[in-house]
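Asks: First the structure, which I've put down as structure tokens, then a few questions once you've had a look.
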Amino acid sequence: MPTEERETVTWPADGLVAVVKQDCPTCRLVEPVLAGLPGLTVFTQDDPAFPAGVADRRDDTDLDASLALDIETVPTLVRFAGGVEQGRIVGWSRAQWAEFTGVADLGEGLPEYRPGCGSRTQDPDVAEEILVRTRGGSLRARRLEIAALEDEAEALFDRGFTDGLPVVAPTPARVLRMLEGTSRKPDEVVAVVPPNLAEATVEKVAINAVLAGCRPEYLPVVLAAVEAACTDEFNAHGLLATTWGAGPAIVVNGPIRGEIGMNWAGNALGQGNRANSTIGRALQLVIRNVGGGRPQEVDRAALGHPGKVGFCFAEDEEGSPFEPLAQSRGVPAGRSAVTVFAAEGPRGLADQISRAPESLARSLAQGLRSVCHWKLPGGFDASLVLSPEHGRTFREAGWDRARLHRELDELLLLDRAEITRGAGGIDEGVPARASDRPVPKFRPGGYMIMYAGGGAGMFSAVIGGWAGGPGGSAPVTREVDPWR
Amino acid sequence: MHDFVALEGRGVIAAFLASTQFVVAAEAQAKALGYREVPSVFVPHPIQDRTDDELRALADAALEEVLAAVTRR
């Protein structure tokens, strides 16, 4: 949007100022009253010829005076003395107007009272234009013009801004509304985004949040996720560039989950919830559009997975037998946080028979063991999303998250004879060694346990990760509240 | 490619080395980092399943090109 130099609107320092619109029945009702008030200045929002009979009648169809006077209702009558507002009244009330103007026999024959109408500044059709006019100057991003005959969605595909699905056009008004989701300044740098190591400002993240379809109240979550993903520990660069198919996933904890209407119940990892779907997508669009990470360029995934469009869900803290994941990772209770982690698509893990936690843990361990390759230990991270019906077994047995980790760690010590190259007729595996000591499937801290899902179904999910730890990617948790 | 840029920035002569599957990725990243052309050597793909002997053979075969890449300016 071009930054227009607009003349500063003024009115007399002393006297009465009225703001009206012809479209308002109450304004038309008081037309003769206005004509009879001495020394009155009237700003007209729609019809410059209205109201008749007023000497100092001023065209405010551009609404500059209405905005400057912060008008919400018409008619509004404001008294100034020495350039300072002394008071204002809205709508029509004969008694009030008489007292306010000091004219006793005001509006003879008019009804005693009529409410006012909404100011034009409140109209939805002009609110957007006003937003851009008053705050558009704070935006720094390069403006793109889309020709009148160009289809907006097609134009955004053609310019390469999309992940293959349609995006919401990031008009200045939409970006400004998105920015209302945070108190942070638009030009503040959130992170340096790989692979091109480009600075993502709050504004650029907001633009991608618009593209993704986010609501403004999701923005703090997106900002925290971008901050978390662009750390050395998470290594979004490596995760992008690897030929392995994982991408960044986000799990959200704390009060913000409910505030923005996230889903942690049925189909928790699936489609259908706007916050879940668009927050994950916004992070991926930041990596694409700010960082320059595109498939078949620096994104070298051989296969990838559908969740690379965006993968975000919330933990069911209320139903969980465990403390929230974010708390187990050092975030104080009651605070909102995101944890980003490398993720393949989820793999369902059925056990509809086990009632003993020991038996169920063995099933879960079998599923975790399949990550990357059944015979390969120590390299790849993973996550386990425990469903309510599996969680119940551990709750009833009094197992907390630490206990389940301990049991799984024990069950995930791999027998060297099973994983040596050639064992089981499979060449893949670890080189033969003299030692017969069991080998842990995961590095210490190499898998997380989360809790979400619908109340029926004895099915949990394993989410494979990527190479864990230094050189690979480690999960990173960041608080959301600093981004509000 | 970032390593190449970092090394060059420190005055260390460098070349980019990868397998042929990474030509497009290298070009995209080099372009994004402001390089029109980076001295690069691409060895035959694949890499992951190579035996040590096969890798040595790849390295030997690439040596002349690598030397040329770091000496040609």
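Asks: Are any residues in the stretch B:32-56 without any contact (Cβ under 8 Å) to a residue 12 or more places away in the chain, among the polar types (S, T, N, Q) and more than 10 Å from chain A (Cβ to nearest Cβ), and if so, which ones?
Replies: Hit for the stretch B:32-56 is B:Thr51, nothing else.
Asks: Name the helices (runs of 4 or more DSSP H) wholly inside the stretch A:232-306 in which the number of residues that are within 14 Å of another protein chain (Cβ to nearest Cβ), touching a Pro at 6+ places or on another chain (Cβ under 8 Å) and at pLDDT 95 or above is 3 or more.
Replies: A:236-241
Asks: Can you go through A:Gly378, A:Gly424, A:Gly367, A:Gly391 and tell me which one is outside any strand (DSSP E or B), modelled with pLDDT under 95 and either touching a Phe, Trp or Tyr at 6+ places or on another chain (Cβ under 9 Å) or closer than 19 Å to A:Ala246 by Cβ (or both)?
Replies: Only one candidate qualifies: A:Gly378.
Asks: Looking at (1) within 46 Å of the chain's Cα centre (by Cα); (2) within 13 Å of A:Pro12 (Cβ to Cβ); (3) not aromatic (Phe, Trp, Tyr), which is the only condition A:Gly82 fails?
Replies: Status for A:Gly82: all satisfied but (1).
Asks: For A:Ala343, are the conditions met, namely being modelled with pLDDT of 95 or more, in the same structural domain as A:His405 (by TED's automatic domain parsing) and farther than 23 Å from A:Ala209 by Cβ?
Replies: In short, no.
Asks: Return a yes/no flag: does the stretch A:147-158 have any residue that is at negative phi, at pLDDT 95 or above, of a type in the set (Phe, Trp, Tyr) and buried (at least 17 other Cβ atoms within 10 Å of the Cβ).
Replies: For the stretch A:147-158, residues at negative phi, at pLDDT 95 or above, of a type in the set (Phe, Trp, Tyr) and buried (at least 17 other Cβ atoms within 10 Å of the Cβ): absent.
Asks: When you scan the stretch A:180-191, do you find a residue that is crowded, with 21+ Cβ neighbours inside 10 Å, in contact (Cβ under 8 Å) with a residue 12 or more places away in the chain, touching a helix residue (DSSP H, G or I) at 6+ places or on another chain (Cβ under 8 Å) and not in a loop (DSSP other than H, G, I, E, B), even just one?
Replies: There is at least one residue in the stretch A:180-191 that is crowded, with 21+ Cβ neighbours inside 10 Å, in contact (Cβ under 8 Å) with a residue 12 or more places away in the chain, touching a helix residue (DSSP H, G or I) at 6+ places or on another chain (Cβ under 8 Å) and not in a loop (DSSP other than H, G, I, E, B).
Asks: Further question: Test B:Gln29 against the criterion of being touching a Ser or Thr at 6+ places or on another chain (Cβ under 9 Å) and either within 11 Å of chain A (Cβ to nearest Cβ) or in a helix (DSSP H, G or I) (or both), and give yes or no.
Replies: No: the conditions fail for B:Gln29.
Asks: Residue check, A:Ala350 against (1) buried (at least 22 other Cβ atoms within 10 Å of the Cβ); (2) of a type in the set (A, V, I, L, M, F, W, C); (3) closer than 24 Å to A:Gly455 by Cβ, all met but one. Which one?
Replies: A:Ala350 satisfies every listed condition except (1).
Every residue, every condition in (1) under 22 Å from B:Lys31 (Cβ atoms); (2) within 14 Å of chain B (Cβ to nearest Cβ), yes or no:
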| residue | (1), (2) |
| --- | --- |
| A:Thr162 | yes, no |
| A:Val167 | no, no |
| A:Lys185 | no, no |
| A:Glu188 | no, no |
| A:Pro194 | yes, yes |
| A:Thr201 | no, no |
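Asks: Could you go through the stretch B:3-14 and let me know if any residue there is part of a loop (DSSP other than H, G, I, E, B), within 14 Å of another protein chain (Cβ to nearest Cβ) and either among the hydroxyl-bearing types (Ser, Thr, Tyr) or exposed (fewer than 11 other Cβ atoms within 10 Å of the Cβ) (or both).
Replies: No, the stretch B:3-14 has no match at all.
Asks: Further question on the same structure: For B:Glu65, work out the one condition from (1) touching a strand residue (DSSP E or B) at 6+ places or on another chain (Cβ under 6 Å); (2) loosely packed, with under 12 Cβ neighbours inside 10 Å it doesn't fulfil.
Replies: (2)
The values are calculated or read from the model by the stated rules, or taken from the named source; none is laboratory data. Note that the coordinates shown come from a computational prediction; the quantities given were computed from them, not determined experimentally. Because the Cβ atoms are built from the backbone with ideal geometry, glycine has one as well, and the counts that use them run over all protein chains shown.
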